[in-house]
Amino acid sequence: QVQLVESGGGLVEFGGSRRLSCTISGFSVDYYAMGWFRQASGSDREGVSCISGGDGFTYAADSVKGRFTISRDNAKNTIYLQMNNLRPEDTGLYFCAATSLTLDTCSQYKFRHWGQGTEVTVSS
């Protein structure tokens, strides 16, 4: 059984910081590629940041580059998304996802395991 559970969302002030967590059971994150995705109301889901399980390849969307950082703690079987300098346009439902496939793109279609999402709202 593979399960992913996100936490850490909530209300954040403009320019503030927040760290999202995703705890995983059923597999080890060091062997899986992991990703964070988000979906704003009325918009398609978009890739925010991904990291490979092998070579550590990372991707960050242009809209968050320099502000968001994905990381992995193998001992805790957890991945994180550190979000700094938050903006209202960062508001959305954030999903954690995992795949055993080789990661060459941060596309949602590569990922087969998903968490339930955690809401992030940034005030103006």
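At a glance:
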{"item": "Residue within the range 23-31 that is among the aliphatic types (A, V, I, L, M), open to solvent by 10 Å² or more (accessible area, probe 1.4 Å) and under 13 Å from GLY115 (Cβ atoms) present", "result": "yes"}
{"item": "Residue, farthest from the chain's Cα centre (by Cα), within the range 90-112, restricted to residues that are within 20 Å of GLY9 (Cβ to Cβ) and among the polar types (S, T, N, Q)", "result": "THR91"}
{"item": "Search result, residues across the range 13-57 that are over 11 Å from the mean Cα position of the chain (by Cα) and under 14 Å from MET83 (Cβ atoms)", "result": "GLU13, PHE14, GLY15, GLY16, SER17, ARG18"}
{"item": "Among (1) in a strand (DSSP E or B); (2) surrounded by 15 or more Cβ atoms within 10 Å (Cβ to Cβ) - the single one VAL64 does not satisfy", "result": "(1)"}
{"item": "Residues located in the range 2-49, provided they are assigned to a loop (DSSP other than H, G, I, E, B) and closer than 14 Å to THR99 by Cα", "result": "VAL2, GLY26, PHE27, SER28, TYR32"}
{"item": "Sole residue being aromatic (Phe, Trp, Tyr), touching a Pro at 6+ places or on another chain (Cβ under 8 Å), touching a residue at least 12 places away in the same chain (Cβ under 8 Å) and farther than 16 Å from GLN116 by Cα, chosen from PHE68, PHE14, PHE57", "result": "PHE14"}
{"item": "Residue in the range 82-89 that is in contact (Cβ under 8 Å) with a residue 60 or more places away in the chain, open to solvent by less than 30 Å² (accessible area, probe 1.4 Å) and under 18 Å from PHE14 (Cα atoms) present", "result": "yes"}
{"item": "Set LEU11, LEU20: member being in contact with a strand residue (DSSP E or B) (Cβ under 6 Å, 6 or more places away or on another chain), more than 14 Å from PHE111 (Cα to Cα) and open to solvent by less than 50 Å² (accessible area, probe 1.4 Å)", "result": "LEU20"}
{"item": "Single match in GLY42, GLY66, GLY54 (criterion: among the small types (Gly, Ala, Ser) and closer than 20 Å to THR23 by Cα)", "result": "GLY54"}
{"item": "Residue that is modelled with the lowest pLDDT, among those in the range 93-124 that are of a type in the set (A, V, I, L, M) and open to solvent by less than 60 Å² (accessible area, probe 1.4 Å)", "result": "LEU103"}
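The values are calculated or read from the model by the stated rules, or taken from the named source; none is laboratory data. Note that this is a predicted model, so its numbers are computed, not measured. A quick note on method: Cβ atoms are made from the backbone with ideal geometry, for glycine too, and the neighbour counts reach across all protein chains shown. What goes into the accessible areas is simple: the full protein's heavy atoms, side chains included, and nothing from ligands, DNA or RNA. Shrake-Rupley method; radii C 1.70, N 1.55, O 1.52, S 1.80 Å.
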